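Please read the structure below before turning to the comments.
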Amino acid sequence: MLRLRPHHLVCLHFYVGKGYSAEFVENMDGIWAAVGHGESITITDGADDVCQCCPHNRNGICSTSEKVNRYDGQVRSLLGISTGDCVDYACVEPKIESEILTSGKLSKICHDCQWYEICKEANEREKE
Ligand code: SF4
Ligand code: SF4
């Protein structure tokens with residue numbers, strides 16, 4: 001069972017093997033593979049399985065927590081999910097597409113993320 005905070009569900013949609021460090025990417029590759037094999041996901045509040053290997057994780061608190069908590073709140077609300085919910089990515093991804101990506105909400109959620117240009121361009125390609 002994976003543990004993911006809400007906005008990382010969206011990050012996974014755009015994941016292309018890039019990240020904050022080699023350790024981060026290796027961990028993310030494993031999460032990506034697990035999701036691809038249908039492993040269930042528990043929605044968490046705060047540091048999750050992605051944060052485990054992130055250089056911004058300071059003793060379980062994200063050094064950019066103001067930003068990422070805001071992303072989490074918006075994704076939680078748009079997807080109608082709550083902390084503790086158990087979800088399958090195959091079920092939640094169509095909702096990410098309809099409620100966030102095709103409806104142009106990505107910029108409202110995470111325009112100030114350092115990876116935003118990559119995700120924005122991918123989102124625009126998907127809409128073509
Ligand atoms: S930046 Fe923060 S929320 Fe994102 S993976 Fe790193 S610790 Fe987690
Ligand atoms: S811009 Fe950042 S927060 Fe938004 S989906 Fe991409 S990696 Fe995740």
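Here the translational diffusion coefficient of the stretch 29-80 follows from Stokes-Einstein with Rh set to the Kirkwood radius across Cα pairs; for 10 °C and 1.306 mPa s it amounts to 129 µm²/s.
Once C-alpha pairs closer than 8 Å and six or more residues apart are averaged by separation and normalised to the residue number of the chain, the relative contact order reads 29 percent. Between R3 and T42, D49, the built amide H atoms are under 5 Å apart, and every one of these is 5 or more places off in sequence or on another chain. The charge dipole of the chain, taken about the Cα centre with unit charges on the Cβ atoms of Lys, Arg (+1) and Asp, Glu (-1), comes to about 380 debye, rounded to the nearest 20. Each residue of the stretch 36-51 was assigned a 3J(HN,Hα) from its phi angle through the Karplus curve 6.51 cos²θ - 1.76 cosθ + 1.60 (θ = phi - 60°); the sequence is x, 8, x, 5, 6, 10, 9, 6, 10, 10, x, 4, 10, 5, 6, 5 Hz, with glycine and proline shown as x. For the stretch 1-68, the fraction of C-alpha pairs more than 16 angstrom apart is 43%. Run lengths n ≥ 4 of DSSP H only: what is the helix-derived mean residue ellipticity at 222 nm for the chain, with -39500 (n - 2.57) per run over all residues, to the nearest 500? Helix-only estimate at 222 nm: -15000 deg cm²/dmol.
Dividing the radius of gyration of the alpha carbons in the chain by their Kirkwood radius gives 0.92 for Rg/Rh. No disulfide-compatible partner, judged by a Cβ distance under 4.7 Å, exists for the following cysteines of the chain: C11, C51, C53, C54, C62, C86, C91, C119. Loop-located GluC sites (Glu not before Pro) in the stretch 1-47 (DSSP state other than H, G, I, E, B) with a sparse environment of at most 12 neighbouring Cβ atoms within 10 Å are absent.
Bear in mind that the values in this text are calculations on the coordinates, not laboratory data. Computed from a prediction, not measured in an experiment: that's the story for all the values here. Using ideal geometry, Cβ is built from the backbone for each residue, glycine included, and neighbour counts are taken over all protein chains shown.
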